[in-house]
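Values in this text are rule-based calculations from the coordinates and carry no lab data. In this text, all values refer to a predicted model and were calculated from it rather than measured experimentally. Neighbour counts are summed over all protein chains in view; Cβ atoms, including those assigned to glycine, are modelled from backbone coordinates with ideal geometry.
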Protein chains: 2
Amino acid sequence: MASLTGHQFIGFSTSAKGKDTFKAINPANSENLPTDFFEATEEEIQQATAFAKKAYSSFKQIDNEQKALFLETIANELLALGDALIERCMEETALPRPRLEGERGRTMNQLKLFASVVREGSWVDARIDRADPDRVPLPKPDVRQMQRPLGPVAVFGASNFPLAFSVAGGDTASAFAAGCPVIVKGHPLHPGTSELVAQAILKAAKACNLPEGVFSLVQGKTIAVGMALVNDPNIKAVGFTGSYRGGKALFDAANQRPEPIPVYAEMGSTNPVFMLPGALASKAEALAKGLAGSFTLGVGQFCTNPGLVVLPSSEHTDQFKKTLAACNETSAEGIMLSQGIKSAFNLGVEQLKSSPGVTELSHSTGVAEGNKAVNQIFEAHITTVLQNKALQEEVFGPATLLVNASAKEEILQFARGLEGHLTATIHGTEEDLREYAELVSILEEKVGRIVFNGFPTGVEVCHSMVHGGPFPATTAPQTTSVGTAAIKRFVRPVCYQDFPQEALPDALKDSNPLNIWRLVDGTLNRNSL
Amino acid sequence: MASLTGHQFIGFSTSAKGKDTFKAINPANSENLPTDFFEATEEEIQQATAFAKKAYSSFKQIDNEQKALFLETIANELLALGDALIERCMEETALPRPRLEGERGRTMNQLKLFASVVREGSWVDARIDRADPDRVPLPKPDVRQMQRPLGPVAVFGASNFPLAFSVAGGDTASAFAAGCPVIVKGHPLHPGTSELVAQAILKAAKACNLPEGVFSLVQGKTIAVGMALVNDPNIKAVGFTGSYRGGKALFDAANQRPEPIPVYAEMGSTNPVFMLPGALASKAEALAKGLAGSFTLGVGQFCTNPGLVVLPSSEHTDQFKKTLAACNETSAEGIMLSQGIKSAFNLGVEQLKSSPGVTELSHSTGVAEGNKAVNQIFEAHITTVLQNKALQEEVFGPATLLVNASAKEEILQFARGLEGHLTATIHGTEEDLREYAELVSILEEKVGRIVFNGFPTGVEVCHSMVHGGPFPATTAPQTTSVGTAAIKRFVRPVCYQDFPQEALPDALKDSNPLNIWRLVDGTLNRNSL
């Protein structure tokens, strides 16, 4: 395995022109890990984007098979990094081995799924309207449309998924699939992991004969590196997963550029859960156990962590709470990703504790030293939570707030007042669902995904997944950052009027050489014309 | 025909609570037209958006057939307004009868085309990934995705297409098709036309038993009315066609809201035309005549007006220029839409005249009194235009600038330096196109539509049209405002995980009751499951 350099990866070279360096810290013992990582300079960032711009003009033209092979080769090179990747990642994140091995598998599967989409080819939404020279009063031209890549994309790695939403994660995979070069700003909590993954991507790029600049990695702990990237005129779109503060700052900067660009920022949410009466009556214990597992999964550091649980009062509510409290008291405290994240979590918990009307139901009782977090459950009456919107905000970590309700109308009113979230969950019987049909209708306007009788913390990577939702869950509610529809973020339609066959892209040629689905004169088919 | 009230149309009632009024002016004689139009008040705007929010919860659920009928009924009611609509529109815009009758036909066809898309139903991009309870290590959930309407949409009518891009124009038709209620801010240059069309829409809404608030019209001459609309929390998206200044102001306001919302602003462009050597050699005269007709069409008040014409020097260039100048000298001066637009045009022309290196090739020689505009052709060397970016900006009206070039590389460099435009046009032989393959590749990154051997001023309404392009042509380069793909602007994906059949929307039910195309486990088909 290649050792760590701590340098930037600009095109096919490394670079370390900066003066400032930083180290990764092991959250398990707060000790520095070896290797000095250099902060990228403005000059290095400009080099990376200039390379990316140049690479774009050829990468956007490569054929589907070559692009698919690139994605698959990245997946293989990730695996080829072997245990060194898992070990470094464990050191940088304190996430356990099975979780990281699973996450590596998911990352590889994402890349392979996008490869299959690219190879199949119909994702370009080809549309053809044929000419009618005899139409009166004016002849009808031949018009053909397809999606084309936007240009170089800046991707900001997330802290909480150091593989699946970082250097070779979903944003990078979907941007490559679209035909866009990528520059990743590595997350400063796992720079070594980032560098290893960057090496894998670059190895794949070379093996696939792709142009220099199709991928670069810049590292940095300061806001300056990210802002320089977003403000660079060669960058045409931004993918981000992280905090509201970080995502909103990038969104604002991107909108204030001379040429505004789209920012796809997934900024997390509180993911409300609705426990309906029939479900409580039939399986209060199972629901309590499920919730206890879900809100502490990954030390509560999931974007889809259930942080608000609406609980109608019934004869089964007490049993639910008792089971939940008991599970939680004996639950294991996990190590959070960093001291900063742990401090922010503690602050959030203190704010909940000191909020009028909020009481603690339970906390885990193990030793929570260092960056270990106590698993916390609070409760409050629904009117308290309705009146104090701050209680609906995300506390990033293993905490959840039970919202005690009595009447159905109260619950619907609560739902109507929700801001945008990534997910909402309904636990209920089919009868509950009929009784609460309006709840589904309300939640459709509030979230990207509605889960029935499950927990939101698993995000299936597939064609149908929506990992997104109205602001403030994301800055781009019309998109998803997980699943194959994520590719749509990095393209725009271009149409060709009265072009001769040989000058048209293959996807739009009469003969349909790619054998893709196309909307021809309003009818979907795979015919040649 | 109903007479004009000058009132707002809020839900199913009219309202005139404002103190201020304005009158429409006939651009042909600068005289006021009858009827005082009231400026909408903030209270009226809030009423309209509250109605729209309420209407949304039922309108978003109506079935495809009812929605299609609504769109078709609007088309029929437009026609039923009869000659009164055409006459009032002629008085307010000075556009000739055949143009407005044609535009009414186009407006009706747009509505009917969206009706056909809605009735067919596949536009919702339904995606289904079926469960696999036996998958290891984790069972796979059932996940289903489709597009859902965003909510109430604010539409700003354009001055230059008083029917096709105004009250019942493309933005309104596509928002309705998506399932979004619409509030139109009528353009102050044609308030009577706006009111008549609003009456037609409301008649259709009532005939189709749609909820009050599915449509409202507010009028106003001031910026305040538009800003109040965009800042209203019930508004979830904005459609706009007009000036850069107006569109950018709405975009900035929308991004600074507590909940930012998308603004689809089409802000016009200069639509560069490239005359390649082979085309000049084979048909210089025809090209000159075509260009003379295109840049003066609709008094040059088309968003796709060709305002920059790159002209390589050859033995045929002189002939092209001579023919163009001769056509232009005898061309008729048209009346512009308003005194303000005429003044802005004159200012733009004066700035061109006084720019170093710019010379006049020709101007029309008729009498240009009142709001009539002189048809103007200028020329400059390509290096002048490269160095002075102001020369590439739109002069709204019948003016065009010939860009004299000598070498191919110079032309490619010019293309690389272009900002975003709605269209680019290439006139050439197939051999030219091979020789200039790189030009096509560059223009793909700069515009929404590339026209070969035609003129950009006709915008075909069809499935494949892209009327959009990179900033500053639009604020939303990933969308089109003409053609059926315009519907995508007003929806976002929602996914349903592990939902029972009866709680799923029809588009996602196993039985596929709508018989639409769906991506099932990655395969496109119309099967029931």
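Odds and ends about this structure:
- For the range B:26-99 and the range A:1-55, distance of Cα centres in Å: 58
- Taken residue by residue and averaged, Cβ atoms of other chains lying within 10 Å of the Cβ of A:444-456 number 5.
- Per-pair calculated FRET efficiency, R0 = 22 Å: A:Ile223 and A:Lys19 via Cβ, rounded to 0.05: 0.80
- Counting only DSSP beta bridges with both residues in the protein assembly as shown, the antiparallel share comes to about 40 percent.
- Cα-based Kirkwood hydrodynamic radius, chain A, one decimal, Å: 24.5
- Label positions at B:Thr383 and B:Lys140, each projected 7 Å from the Cα along the C-beta direction, are separated by 6.3 nm.
- Aspartates and glutamates whose Cα lies under 17 Å from that of A:Lys283, excluding same-chain neighbours fewer than 8 positions away: A:Glu315, A:Asp318, A:Glu430, A:Glu431, A:Asp432
- Checking the Cα-Cα distances for A:Lys408/B:Lys509; B:Lys60/B:Lys221; B:Lys140/B:Lys236; A:Lys446/B:Lys112; A:Lys206/B:Lys446; B:Lys60/B:Lys236 against a 23 Å cut-off, the pairs over it are A:Lys408/B:Lys509; B:Lys60/B:Lys221; B:Lys140/B:Lys236; A:Lys446/B:Lys112; A:Lys206/B:Lys446.
- FRET efficiency for the A:Glu369 to A:Ser406 pair, using the beta carbon distance and R₀ = 56 Å, is estimated at 0.85.
- Relative to one another, the C-alpha centroids of the range A:388-429 and the range B:443-512 are positioned 34 Å apart.
- Across all directions, the average projected area of the convex hull around the alpha carbons of the range B:108-152 is 4.8 nm².
- Derived value for the range A:225-344: Kirkwood hydrodynamic radius 17.2 Å. Basis is the mean of 1/r over every pair of different alpha-carbon atoms.
- Taking a sphere under 13 Å around the Cβ of A:Asn64 and counting the other residues whose Cβ falls inside, with K and R at +1 and D and E at -1, yields a net charge of -2.
- Total formal charge among the other residues, if their Cβ is under 12 angstrom from that of A:Cys89, Lys/Arg +1 and Asp/Glu -1: -3
- Taking 17 Å as the cut-off, no amide N atom of the range B:215-258 comes nearer than this to a point 7 Å along the Cα-to-beta-carbon line of B:Leu79.
- Residue-count net charge about A:Glu369 - beta-carbon cut-off 14 Å; Lys, Arg +1, Asp, Glu -1: +1
- When the convex hull of its Cα atoms is viewed from all sides, the range A:324-448 shows a mean projected area of 8.5 nm².
- Taking the centroid of alpha carbons for each part, the range A:158-192 and the range B:330-374 are 53 Å apart.
- Chain B - mean residue ellipticity at 222 nm from DSSP helices (-39,500 (n - 2.57) per run, n ≥ 4, rounded to 500): -11500 deg cm²/dmol
- All Cα-Cα separations within the range B:373-439 were binned at 5 Å from zero, giving a P(r) of 3, 13, 23, 26, 19, 11, 4, 1, each value a whole percent of the pairs.
- Extension gain (nm, one decimal) between B:Lys289 and B:Glu315, 0.36 nm per residue minus Cα-Cα: 7.6 nm
- Label positions at A:Ser3 and A:Arg99, each projected 7 Å from the Cα along the C-beta direction, are separated by 3.0 nm.
- When you restrict to C-alpha pairs under 8 Å that are six or more residues apart and normalise by the size of chain A, the relative contact order lands at 17 percent.
- Residues whose placed amide H lies under 5 Å from that of A:Ala237, excluding near-sequence neighbours: A:Ala154
- On Cα atoms only, tilt of A:244-255 relative to the major axis of chain A in degrees: 30
- Rounded to 5, the percent of DSSP beta bridges in the range B:273-452 classed as antiparallel: 20
- Computed from the Kirkwood radius of its Cα pairs, the Stokes-Einstein diffusion coefficient for the range A:53-166 at 25 °C and 0.890 mPa s stands at 141 µm²/s.
- Between the beta carbons of A:Asn109 and B:Asn525, assuming R0 = 22 Å, the FRET efficiency works out to 0.40 to the nearest 0.05.
- Of the GluC sites (Glu not before Pro) found in the range A:311-386, those that fall in a DSSP loop while having at most 10 other beta-carbon atoms within 10 Å are A:Glu315, A:Glu369.
- Estimated distance in nm for a label pair at B:Arg416 and A:Asn32, the labels positioned 7 Å out from Cα along Cα-to-Cβ: 4.4
- Per-residue average of Cβ from other chains inside 10 Å of B:54-61: 2
- Cleavage-rule hits, trypsin sites (Lys or Arg not before Pro), the range B:118-182, DSSP coil, Cβ neighbours within 10 Å at most 11: B:Arg135
- Using θ = phi - 60° and Karplus 6.51 cos²θ - 1.76 cosθ + 1.60, couplings along the range A:191-199 (whole Hz; Gly, Pro as x): x, x, 4, 4, 5, 4, 5, 4, 4
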